[in-house]
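Q: If you scroll down you'll find the structure; I have some questions about it.
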Amino acid sequence: MADLEDRIRESQRMGIQIAKESEDDRLMTLSVGPQHPGSGHFRFVVKLDGDYIVHCDPDPGYVHRGEEKMCEYRNFIQNIPHLERPVIHDSTNITYSYSLAVEELTGIQVPRRGQFIRAIASELNRQIYTLYWLAIYGIFLGHSTMFMWPAGDRELFIDLMEALTGARVTHAFNIPGGVRNDIPNGFKDKCLRQITYYEKRLKEYEDIFYNNPLVRQRTEGVGILTKEDAINLGVTGSVLRASGVPYDIRKAEPYDVYNEIDFKVQYMQTADSFARAYVPFLDMRESCHIVRQLLDKMPESGEVRAKLQANPRGPPGEAYRRVESGRGALGYYIISDGTPKPYRVKISVGSFRNMLALPHLLVGAKMGDMPVIYWALNYWPVEADR
Amino acid sequence: MILPTHSQDSYDRYYMVTIGVNNTKPWPLLLPIYATRQIQLSNSTYRSSSNSPPTDIVGRPSPPSKPALSPEQDPVAFEKGIAGEILVKFGQLAHIIFIKHLRIKIAVEPSNIIRLATYLRDRLGFDHAESVTGTDYPKDNQVEVVYHLGSYTRQDLAGQVISVATRTNRDDPTLPSLIGVYKSVEYHEREIFEMLGIYFEGHPRNERFLLPEDWADIPPLRKEFRIKGR
């Protein structure tokens, strides 16, 4: 020690500055940036101490398009096509919640067959989104078969949605008052055939991915989010259900025809990344049962949407409606001032709420566990930015 | 005592409810559901600063009188029970804006909001804040922040969302942050800071979140910010 002090004094006399090694010098700041494919369109800055993350700072906003502000310039019907852009795969759910809120404000009644078709489209969209997310989760764990298989099986549901709405993604199917058009002939049989095939495929997914010892080793015990933390941080969707809270909007606050459907809320108690990856899979399986019941109970004929005036408007008021989307509770808070354009639309998305769990879980984890934790949070950057 | 007048009409759900200091009926501490029939209706103001009710919130004048519903028939009896409990504790400080099926909206002054939020979290069981909304009301020269609170732990509060609203003046707005009560409001309040310009006292980072760092214009959700070309 004294030797070191002597040498420092010697070099200072010679005019050489010696800086003491400070705490900050040991840390490396890494920007897991929007260009990195492993992060989506989202940036978060981590400080690394060797291999361990000591600080994480999310920096969203790269895909912020001002959806809420744009809603104030268009009337209630014109808002549908741009409101589905935050999540193009799950576009029925993000417009479902909006339609429910507008119907409450304007007093439009949705015919029964329209309600069933909306629910069927919502469940099919849930499959489309969850399969896409599962594909991404697989590839970022290094499991490329798990990228190809869900992406291929997703085509089943995209074909169904194309037959139903005319578009593969961004369907613009829901409008306040019902759905845009009726189901085509032969849709019911095709849908049942696809679902029967798909349920067999789900068993294969379990074999290749969820029972894969490598995947299990990488995800079990990683990123534990306790139940108290999950409730305090206000997370939602599959993240919440993986931590042991059986909360699903379709059960807590049934909308449309969900109170006539018999299904169970899927949740797990282990609260690690494996649970957060497995709960959407269980949701998908349950969703198949729901679609079968919906197709069964749907009335044979009837109107699919209410007849709308040119500029639907309602008395001044506000409405807050929520829907269970792929990421969690998607809520719309719409304030109307009596004109055909909304005064304020606030979209409460599951991804934005789940973002709070990211710094909480990443601090203390290894950098190699970062994709496991981050993608298990079911975070969709485009939706969080709106 | 005027009985609650509200119609069964599904659209007609707005009425203002306050409890006066000179209330003749004594409130029991734990309000049973049937006692909510004794709520006095009035069109009292939401904030003492403006003398007329804000036109953006109050929907329509009081509906014509109809016979009051018994608690078994009343579809919002449970929500009225919750609202009654809050009024018992806060009296004049909390104004109920509306009570609908699974939705209650309460208005408080900014100085009381932390007390009300702590009460809602600890005594009533609303354990998380779902989202926080900021709205600009240039006609009243105010900005409003609404906290939507929900409950994950209590089964009977499963679908309930209580909206707690505060208002402050539009020029140089400051509000106390609820981050000490609900951790989940951190990013929402930060977004409201950048979108509306409201400074939250007690929030660790009042900074840009979604907007780029070099944003040089006024906060975008203000009404005077116009989208180009519209």
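Bear in mind these aren't lab numbers, they're just calculated from the coordinates by the rules spelled out. It should be emphasised that the depicted structure is a prediction, and the values quoted were computed from it without experimental measurement. FYI the Cβ positions are ideal-geometry reconstructions off the backbone, even for glycines, and counts take in every protein chain you see.
Q: What's the magnitude of the charge dipole for the range A:14-165 around its Cα centre, counting Lys and Arg as +1 and Asp and Glu as -1 at the beta-carbon? Answer in Debye, nearest 20.
A: Numbers: 13 positive and 20 negative charges, 94 e Å.
My answer is approximately 460 debye.
Q: Treating the beta-carbon of each Lys and Arg as +1 and of each Asp and Glu as -1, no other charges, what is the dipole magnitude of the range A:66-385 about its Cα centre, to the nearest 20 debye? Please report the intermediate quantities before stating the final value.
A: Details: 38 positive and 38 negative charges, 53 e Å.
Using Cβ point charges on Lys, Arg, Asp and Glu, the range A:66-385 gives about 260 debye.
Q: Also, I was wondering about something else. Rg and Dmax in Å for the range A:333-386, alpha carbons only: what are they?
A: Just the Cα atoms of the range A:333-386 yield Rg and Dmax of 16.5, 54 Å.
Q: Need one number: nm distance between label points at residue A:41 and residue B:217, each 7 Å from Cα along Cα→Cβ, rounded to one decimal.
A: 1.8
Q: I'd like the distance separating the alpha-carbon centroids of the range A:241-314 and the range A:37-63, in whole Å.
A: Measuring centre to centre over Cα atoms gives 33 Å.
Q: If a paramagnetic tag sat 7 Å from the Cα of residue B:111 along the Cα-Cβ line, which residues of the range B:136-180 would have the backbone N under 19 Å from that point?
A: So the set is B:143, B:145, B:165-170, B:173-178.
Q: Tell me which of A:237, A:14, B:227 sits at the most positive position along the dipole axis of the protein assembly as shown, charges placed on C-beta atoms (Lys, Arg +1; Asp, Glu -1).
A: Positive-most Cα among the choices belongs to B:227.
Q: Got a sec? Which residues in the range A:94-117 would a label at residue A:303 touch, if it sits 7 Å along Cα→Cβ and we count backbone N under 19 Å?
A: Residues passing the 19 Å test: A:99-117.
Q: Moving to a separate point now. Could you work out the Kirkwood radius for the range A:296-363, taking every pair of different alpha carbons, averaging 1/r and inverting it, reported in Å? Mind dumping the intermediate values first?
A: Working: mean 1/r = 0.0650 Å⁻¹.
One decimal place: 15.4 Å for the Kirkwood radius.
Q: Let me ask something additional. Describe numerically, in nm with one decimal, the distance between label points set 7 Å from Cα along Cα→Cβ at residue A:192 and at residue A:289.
A: Between residue A:192 and residue A:289, the simple spin-label model gives 1.9 nm.
Q: Charges on Cβ only, +1 for Lys and Arg, -1 for Asp and Glu, centred on the Cα centroid of chain A; of A:352, A:336, A:135, which one is farthest towards the dipole's positive end?
A: It is A:336, whose Cα lies furthest towards the positive end.
Q: Can I ask one more? Pick out which of A:269, A:309, A:12 has the largest mean-square fluctuation in a Gaussian network model of chain A, springs linking Cα atoms closer than 10 Å.
A: A:12
Q: Quick one: if the Förster radius is 41 Å, what FRET efficiency do residue A:259 and residue B:227 give, using the C-beta to C-beta distance and rounding to 0.05?
A: Details: r = 40 Å, r/R0 = 0.98.
Efficiency at R0 = 41 Å is approximately 0.55.
Q: Determine, from the Cβ-Cβ distance of residue A:269 and residue A:25 and an R0 of 35 Å, the FRET efficiency 1/(1 + (r/R0)^6), rounded to the nearest 0.05.
A: My answer for the efficiency is 0.25.
Q: Can you give the Rg to Rh ratio of the protein assembly as shown, both from alpha-carbon atoms, with Rh computed by the Kirkwood formula?
A: Working: Rg = 26.1 Å, Rh = 26.0 Å.
Dividing the radius of gyration by the Kirkwood radius yields 1.00.
Q: At a 10 angstrom cut-off on C-beta neighbours, averaged per residue, how do the peptides B:215-223, A:89-97, A:288-296 rank from highest to lowest?
A: Details: B:215-223: 14.2, A:89-97: 27.9, A:288-296: 17.6.
The peptides rank, most packed first, as A:89-97, A:288-296, B:215-223.
Q: Among A:150-160, B:130-140, how do they line up by average Cβ neighbours within 10 Å per residue, starting with the highest? Could you put the intermediate results ahead of the total?
A: Values: A:150-160: 18.5, B:130-140: 21.6.
Top of the packing list down: B:130-140, A:150-160.
Q: Just want to confirm a number: the relative contact order over chain A, from Cα pairs under 8 angstrom separated by 6+ residues, in percent.
A: Taking the mean separation of contacting Cα pairs over the length of chain A, I get 25 percent.
Q: Give the dimensionless ratio obtained when the Cα radius of gyration of the range A:66-385 is divided by 2.2 N^0.38 Å.
A: Working it through for the range A:66-385, the quotient is 0.98.
Q: With all pairs of different alpha carbon atoms counted, what Kirkwood hydrodynamic radius in Å does the range B:109-230 show? Each step should come with its number before you reach the end.
A: Details: mean 1/r = 0.0657 Å⁻¹.
Hydrodynamic radius (Kirkwood, Cα pairs) of the range B:109-230 is 15.2 Å.
Q: Now for a separate question. What FRET efficiency would be calculated for the residue pair residue A:310, residue B:118, taking the C-beta separation as r and a Förster radius of 60 Å, to the nearest 0.05? Before the final figure, lay out the partial values.
A: Working: r = 48 Å, r/R0 = 0.80.
Using R0 = 60 Å, I get an efficiency of 0.80.
Q: Summing -39500 (n - 2.57) over the DSSP H runs of n ≥ 4 in chain A and dividing by its residue number, what mean residue ellipticity at 222 nm do you reach, to the nearest 500 deg cm²/dmol?
A: Working: 17 runs with 183 residues, N = 386.
The helix-only estimate for chain A comes to -14500 deg cm²/dmol at 222 nm.
Q: Starting from the Cα of residue A:145, step 7 Å toward the Cβ, then list every residue of the range A:176-207 with an amide N under 11 Å from that point.
A: A:204-207
Q: To the nearest whole number, what is the average tally of beta carbon atoms from other chains within 10 Å of the beta carbons of peptide B:93-100?
A: Working: counts 0, 0, 0, 0, 1, 2, 0, 5.
Neighbouring Cβ atoms belonging to other protein chains average 1 per residue here.
Q: Turning to a different aspect of this structure: Between residue B:155 and residue B:208, what is the label-to-label distance in nm when each label sits 7 Å out along the Cα-to-Cβ direction?
A: 5.0
Q: Something else: If one computes the Cα centroid of the range A:320-386 and of the range B:123-174, what distance in Å separates the two points?
A: 17
Q: Roughly how big is the range A:198-278's charge dipole about its Cα centre, with Cβ charges of +1 (Lys, Arg) and -1 (Asp, Glu), in debye to the nearest 20?
A: Numbers: 11 positive and 13 negative charges, 46 e Å.
It comes to approximately 220 debye.
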